[in-house]
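Here the structure is laid out as structure tokens; the discussion comes afterwards.
The values are calculated or read from the model by the stated rules, or taken from the named source; none is laboratory data. For clarity, every value in this text was computed on a predicted model and none was experimentally measured. Reconstructed Cβ throughout: ideal geometry from the backbone, glycine too, with neighbour counts over all protein chains shown. Heavy atoms of the whole protein, side chains included, go into the accessibility calculation; ligands, DNA and RNA do not. Shrake-Rupley method; radii C 1.70, N 1.55, O 1.52, S 1.80 Å.
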Amino acid sequence: MSVELSEEHLTQSRIMLGHKSSVLAAAFFKDGRRVVTSSSDKTLRIWDVQKGALVGAPFEGHKGWVRAVAISPDDRRIASGGEDKNIILWNVENKQKTLDPLVKHARDVNSLCFSSDGKKLASGSSDCTIVVWDAETGTVLATLRHDSMVLTVVFSPDGLKLASGSKDNNIRVWRTNDAEVLLEFNAHQDRVRSVAWSHDGQQLVSASYDQTVKFWNSSNADQIGQPCAGHTAWIYSLTISFDNSFIATASCDNTVRLWSTKTHQQIGQALEHTTWIGCVVISPNGELLMSGDGDGKVWLWSIKNRLFTDVAAGNVLSTPFTTDIAQNDIQAQPRNEDSDNSDIKSHYSSETHAASSILSFPSSFDNLPMNPTVRNACIIGDLHTAEEILTQEIDTDGDKCDSYASRSVVMARNSNWDQALRDAVNSIDIQPSLMGCISKGIALCGKGQVWNAMEAFDLAFTFATHDSMTINLLLLIKAIALFNAGHREEAIRRVQDLAIACQHLDTLSCNVVNSYLHVQLATIAFENGRYLEAAEQFTEVLITNMNMTGSSLRAALCEPRLKIFTVLFGWDLDSLWQTIHQRQCDAFLRADQVIEAIEAYQYMMRMIDEAERTSCLGWSTTFKQDCIARCVAKGKEAVVANDQARAFKLYSAGIGLDPSYDLLFVHRSNENLRRNLYAEALSDAEQVIKLNPSSHIGYQLKHEALYRVHRYDEAVVTFSIMLSKLEDAPDTQIRQLRRKYHYVTPCEVERAIRGAIHAHLDTAPLHLLNTSTGRLCDRQAQITAFMESTEYEKLMSSLMTHGHLQLECIKEVVVMYFRWVMLSHTWETKEPLLLDIQNKVVYDLDPVGTMVKLQTFCKISRNAGYHWAWSDTCCIDQHNNAELQRSINSMFIWYRHSSFTIVYLSDVASSSKSGALAKSAWNTRGWTLQEFLAPKVILFYQADWTPYLNDRSTNHKESVTIMHELEDATSINAQALVAFRPGMRDEDIAHSLFGIFGVHLPVIYGEKKHHALGRLLQAIVAQSGDISALDWVGKPSEFNSCLPADIASYEAPPCILPSLSEDEMQVSVSNLRSAAVVGLAVALYAQLDNLCAPRFANRRLLLPCITFLVTGVRRRHGLHRETYFTYDIKADGLQDLLITTEDKLTRTQFSQARPSRQTFLLVRPWNHYDLRLPDFSDDMQTVPGSPLTDLCWGYPKEVGLVDLESQSRALRLMVRLGQPFSALLSAQQRGGEYKRIASDHDIVARVKDVTAVRDMSNLHPDMTIVSDDPAWWPIINFCRLYDYFLAACSTAVVYDWALTFGQEFELILRQRWSFMTVLYICVRYIGILYSIINILLMLSIIDVAWNPVIVNAMLGVIMIARINAMYQGSKKLFIFLVVALLASTIASGVMMVIANMGVSSQEAVLSGFHTCVTEIDMDMMYLTYESVISTAVWEILVLFLAVWIVIKHFRELRQSPTGSTVGDCLTILIESHTFYFIAFVTMTCFTLGSLSPNITNTTERLIYFGIWAIAQMLQMFVLGPRLILSVRKSHAKLVARADGGTGMTSIAFHAGGDVLIGGDSSTGRDV
């Protein structure tokens, strides 16, 4: 549609509507009748410029903004490109794509241009490259690289050169045949947005964001002339007329301007728009101009009558339209401010006539005889001098009437009306004159005697001598005097009437007087506070009452003949023009008409010269400050009132007044953001940065604007700069903003994004096809593609503005970008493999054979909006076993998490009817099961890639017709595992199920199918604990007899056992309610509850079960002879049953005469689900007080009270055990293992009666615990590190033994053996043996709980011997010590017996770590620790006695000559005892300290018990043996002294009794 605008709005313009959003590019066809436009609404449109209407439907195909458009020279093709990085070539006639989209650029396409012959197409992109394409085939001819974003590109008229402009302010000129750079130069101060060639190729014209247009010599890059300057914001587009006479530019200042290519001056006024303009083009004939704006409007201008001739400068445009320019359309050129008034020129005929009248009119001072000196003094306002001169003249000659008249005027000027009247009367009395009458009339008006004044003025007319000019002057003086007397309206009416009456004469004086009187009225209104009225009157003076331009008025005010008004009334006509404007500005400002005040000020500033600006500098500065403050205040009020348009106007007006005030740009930028004018907001933000580069506000606004215009990479950089400005700000409050808002740094955002990417890609395929580029990408390439994408830049830019990381937002964007589409298909011959497409573009490969399938699949995925696609043929490296294994294990997950799966039915024709899917080969594939079950969305495509049955729904899984057909064909139900096996290798039957069951196993091609199936079932049982895998009928597997050899064994319907109703259950439970039965039931329930889940380990099934011993078997003859054998089976506690099997069971195995060498059991596998307990395994976690934190090597078994609920559960369990169950027949093998004997049908067994249930005790819970549960890791780590502590202290024990072995050999082994010798050897070598085991095995499997009791008892015996010997063999002391030791040892032993009564141990394999798991009650464990107390009492007692004896001996030997030697021996004894006691005390303290509840941390517990183990082993196995060794050392020392002939008291162990004796060595007595 089109809208015609009135002449009052925009002359000769038309607006065409059709686009939904901004028009970004345009181009005229050569016929000049049509124009094509592109828009951010992702479409192109063709317009008929004569009709102002659209031509046909839009061009649709782009997925983002269409930023560039070009028309081929033959007008048959259109090229377009933009935000989606693609270039599309269109056929103009049918609007279809002539080629597939040209994909080469990695970012937005900003510019397109055809060469003059139409064979080449050049494209410039934000990825810093220019690509030259073959316009016919779409192949890439050359790739040229810039250092920054390429914003414009254009071929020279001859097609031999290519010019480009970029973001780095540079222009480059390339040679097209070899891509050589001919020229490169810095053209502008900001990015080069548009470049054009002159049509002779001699010049280049460039437009920039720096708001200028420049002309260049295309051969040497010399600038030609001055830049075109006039735009106030970025220039977006530039075009040149076909005759090179003028150019047109479009800017975000909402204007299009025309410029002369000869003078570089603006032609006429700017073409105003309502918003920013994105493009401008000129028709081939130069008569029309088309512009597109940000609102989606297409403006069509007739510029024929806007071209003009610059007469003053002598520049005539070489255009065919010059002769048609109307005279009344000629506009005045800017005047030269340095010229004088005589050089002022006007091009309006009326004004020229007025000017000639001014110059030719005679001076009015010829009629007023006044001393020139007096006159000049009056003009300059020096009335005092004028009065003195005139008074002197009167005093000299009192008969001069002119002197009296002149002094009367001076007195009137001083408001001395009485003296003025006397002087006027004296002048008339001396001689009546014109001057005398005028002065009298003025004086009388001043005194208020208006009637008499009118008579005086009337008398003055008698001296006019019929001179019309003098008469007019008198009438004006009379009106002015009347105005001064207060009759203002009457005075103004008279002046206006005079002007009307004198139209044939000069009206300048009338106009000046009329204007001045209106200025006086406006001034009075201003002084009385009526500011709006004053402003309107000042404006009326400038517009209505002066029928001339500003320059003519100023010239008129300088006319000397008007000085008479200055002399008579003191009018300051020289500054009147400036005064009017200043008062108008002040009045508007006081009236809160800020915008009008600023406009008036700007007009005044444009019209005055530099000297005048200097003269009003003070007023100007104050006025601007007041206006800016008012703009800010009023703008904020408008924002609060949601009047965005007014706020914008206020800020813009303030900026126009003072563009150096950054706060105004801040406010306007915010307003532009609110109005979605992002380009304008960005321009304002950059101005803020320019004016105040140290402030963060400009960068904050720039980031927001860049983000809104999708320039995300620049936005990220800008935000980083903003953060640095905040951190480096000198103001503390500004620095605190950084901490207050917790802005996230780019590094933090990038880390979070990478974390989200890696988390998401854990469930994504390893290799994916990029549907945009057609390249195969590994994981890193996928991440790189995202990091280079617009989505990533947008995410980075948006997240940094938040106080905290928006993890959900990150996850949402990552998931959306990395969505992928899966292909399910039947493999054909020569499918493309990974090596076939690696490092290649899939779309560029020959579309032959199965490559077409892959290409079409990628295109469909791309058109659906997905970046990634996966096909099993080429996205798995089949030569990499690790990747192949991981892919097969993960394939189910990949299909599950895909956005949708395309099922390509290559053998289903497009004309197929319902039922074709059932016959498709795809239905017979082994992998079909998981590829159908896993995806949430599936789409079936026929051979021609059209939807199956033309069903265009979004998910064929929701199609009743297709699903019903598929169910009939595939039997996808409970038997799905059986139905999908044709067409597979044997092992693939199991491999295809890995993902379904969520198990991860190595893929071994070539392995036997029963082995692959066995590994799968083993993993299922191990992972879930579910024993339903044992429910099969058929042949057993060689992998394990409990598993089937073939998956077909599950084909038989499952055995359905009868179950009791709730009423029947209640009756059965009631029959069992007796004290004995309840107790038995609870015990049985607890025993079953403690059974472990079934586990596989090394192909061995560890199965908790209830067993029934087979006691008899009898074969039935005649059934299944020679193939199957049928037997009647008898078993303890079970009813008789019948079994058919391939295995032959001899009757002699069960005869009483010949006992069976093989045991047969009927086994009821135990399942925890039979307990009917809720499953909380998914919510299990380690909490304080749990076994994982309360124990370091075992489980505590909490004993609770049996309540009614537990009794009910136990009785219900007993009833269920009495019901029929599915049993397994097992035969014991050598080594104690059991083998399952398969049957041809389910074995259903049942206990005889409830009594049999009561007597069931054949539970087999003893088995190795095998677990990979991460909850065990704290225990595993503790045990492992505790073993290291044990090994360390064990090494110390062995090392000590090695150090003392020499002394041991001499002092112990070589001496006569005694009881002490035996004790020493026991203690020493028990420790050595224990230490060696710990060092070699590194396993904490030996229970050392009894070691301290036994070893400490032996050490106690040694203590008794030492103390008794030291105390001279006292029997009383000996008896006391024996009793004390027995009491201590018995107490410790009893405690240990009690503590170990409830202990049970079991071998465990925890995540590959072998250990012994001990179950012990926590109270019993505490009792174990407390047993050390009695031993501690004994040790303290012994230490006390030893110290007391030593002190006593020292006192006795103090005076003895041998006291020193004996003292040395006692010192050796007490030192060894002291070290031993210290180690014991340490061990005891740590043992008792372990009872503290504060030791919970695993690290603390480890260190604590490590020190405890070291102290205990040192005390028992190092310092304990040294107790005996120290005695022998002291004895040897005494013997050595005795051999030297020294008489002394000896201390020695007697060989027989080992008692300490004293005597004379020389006597040789030995007691």
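Observations, loosely collected:
- Selection from the stretch 1101-1115 of residues that are under 28 Å from residue 1126 (Cα atoms), under 55 Å from the mean Cα position of the chain (by Cα) and open to solvent by 20 Å² or more (accessible area, probe 1.4 Å): 1101, 1103
- The residue that is farthest from the chain's Cα centre (by Cα), counting only those in the stretch 31-71 that are part of a strand (DSSP E or B) and of a type in the set (Ser, Thr, Tyr), is 37.
- Being more than 18 Å from residue 218 (Cα to Cα), more than 37 Å from the chain's Cα centre (by Cα) and touching a residue at least 40 places away in the same chain (Cβ under 8 Å) is a description that does not apply to residue 155.
- Qualifying position, being modelled with pLDDT under 85, among the β-branched types (Val, Ile, Thr) and closer than 15 Å to residue 825 by Cα, among 970, 924: 924
- Neighbours by Cβ (under 7 Å, 6+ apart or cross-chain): first from the stretch 464-475, closer than 17 Å to residue 512 by Cβ; second surrounded by fewer than 16 Cβ atoms within 10 Å (Cβ to Cβ) and modelled with pLDDT under 80: none
- Residue tally, condition touching a residue at least 12 places away in the same chain (Cβ under 8 Å), open to solvent by 40 Å² or more (accessible area, probe 1.4 Å) and within 29 Å of residue 897 (Cβ to Cβ), over the stretch 728-756: 3
- Top-ranked residue of the stretch 880-912 - restricted to ones that are part of a loop (DSSP other than H, G, I, E, B) and free of Cβ contacts under 8 Å to residues at least 24 places away in the same chain, ranked as most open to solvent (accessible area, probe 1.4 Å): 911
- Only one entry in 100, 74 is open to solvent by 40 Å² or more (accessible area, probe 1.4 Å), within 22 Å of residue 842 (Cα to Cα) and either more than 38 Å from the chain's Cα centre (by Cα) or not hydrophobic (A, V, I, L, M, F, W, C) (or both), namely 100.
- Residue match in the stretch 757-765 (condition: at pLDDT 85 or above, in contact with a strand residue (DSSP E or B) (Cβ under 9 Å, 6 or more places away or on another chain) and surrounded by fewer than 20 Cβ atoms within 10 Å (Cβ to Cβ)): no
- In the condition set (1) within 19 Å of residue 279 (Cα to Cα); (2) buried (at least 19 other Cβ atoms within 10 Å of the Cβ), residue 162 is compliant with all but (1).
- Within the stretch 186-200, if we keep just the residues that are more than 34 Å from the chain's Cα centre (by Cα) and open to solvent by 20 Å² or more (accessible area, probe 1.4 Å), the residue that is nearest to residue 149 (Cα to Cα) turns out to be 186.
- Test: residue 647 is modelled with pLDDT under 90, aliphatic (A, V, I, L, M) and buried (at least 16 other Cβ atoms within 10 Å of the Cβ): yes
- Matching strands (runs of 3 or more DSSP E) fully within the stretch 125-209 where at least 1 residues are of a type in the set (S, T, N, Q) and farther than 26 Å from residue 106 by Cα: 203-208
- The stretch 103-117, residues that are touching a Pro at 6+ places or on another chain (Cβ under 7 Å), open to solvent by 40 Å² or more (accessible area, probe 1.4 Å) and outside any loop (DSSP other than H, G, I, E, B): none
- Within the stretch 210-246, considering residues that are outside any strand (DSSP E or B) and hydrophobic (A, V, I, L, M, F, W, C), the one surrounded by the most Cβ atoms within 10 Å (Cβ to Cβ): 234
- Applying a threshold of 8 Å to beta carbon distances and a minimum spacing of six or more residues, or different chains, the list of pairs starting in the stretch 84-108 at a residue that is on the phi > 0 side of the Ramachandran plot and ending at one that is of a type in the set (Asp, Glu) reads 85/108.
- So residue 779, is it in contact with a Ser or Thr (Cβ under 6 Å, 6 or more places away or on another chain), charged (D, E, K, R) and open to solvent by 10 Å² or more (accessible area, probe 1.4 Å): no
- Residue ranges of helices (runs of 4 or more DSSP H) in the stretch 433-525 with at least 3 members modelled with pLDDT of 85 or more, open to solvent by 20 Å² or more (accessible area, probe 1.4 Å) and of a type in the set (Phe, Trp, Tyr): none
- In the stretch 590-612, the qualifying residues are those that are closer than 19 Å to residue 634 by Cα and part of a loop (DSSP other than H, G, I, E, B), and the one that is least open to solvent (accessible area, probe 1.4 Å) is 591.
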